[in-house]
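Data block below; observations after.
Only the coordinates and a few stated rules stand behind these numbers; no lab work does. Predicted model, so just to flag it, every value in this text is computed and none were measured. For neighbour counting, all protein chains shown are included, and Cβ atoms are generated from backbone atoms with ideal geometry for every residue, glycine included.
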DNA sequence: TCGAATGACAGCG
DNA sequence: CGCTGTCATTCGA
């Protein structure tokens, strides 16, 4: 495994998330063996290589540990609708069965 | 409720 | 080029 940048690892982990599932900044940060929860979102925001640019980074599948969608580049509400189309139950701006749709990147035992 | 920690970027000198 | 402030967050007291 080559020494990838922190952000690069985050993208790779996020790409692993299947459709209809979501993940949290905390899990992503843990996937890269870091605790820079903020850096995960910040790096994405600075690198809009997400689904908007024809990329493969489902930034909209990333939510906060509280189940909140947090903030998104193209509009938080927009992501909520997308997630709902994927099958995720969201109320207002918060995921209901958040833990149920959560995808374990680290597959914690 | 508030502050600290952590990674990256923009602005300023 | 180097430092500071801010940010798509989280945790502990």
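Points worth noting:
- Computed [θ] at 222 nm, helices only, for chain A once each DSSP H run of length n ≥ 4 contributes -39500 (n - 2.57): -11000 deg cm²/dmol
- Semi-axis lengths, Å, chain A, gyration tensor of Cα atoms, sqrt of 5 times eigenvalues: 21, 16, 12
- By the count of neighbouring beta-carbon atoms within 10 Å, fewest first, A:14, A:105 end up ordered A:105, A:14.
- Once the Cα atoms are used to define both axes, helix A:6-16 deviates from the longest principal axis of chain A by about 50 degrees.
- Principal-axis tilt of helix A:37-46 within chain A, Cα atoms, nearest 10 degrees: 90
- Folded to 0 to 90 degrees: helix A:76-86 orientation relative to chain A principal axis, Cα: 80
- Here each label is just a point 7 Å from Cα along the line to Cβ, and for residue A:45 and residue A:33 those points are 2.8 nm apart.
- Full-stretch length increase - residue A:15, residue A:68 - with 0.36 nm per residue and alpha-carbon distance subtracted: 17.0 nm
- Cβ-Cβ distance of residue A:94 and residue A:3, R₀ of 35 Å, FRET efficiency by 1/(1 + (r/R0)^6): the value works out to about 0.40.
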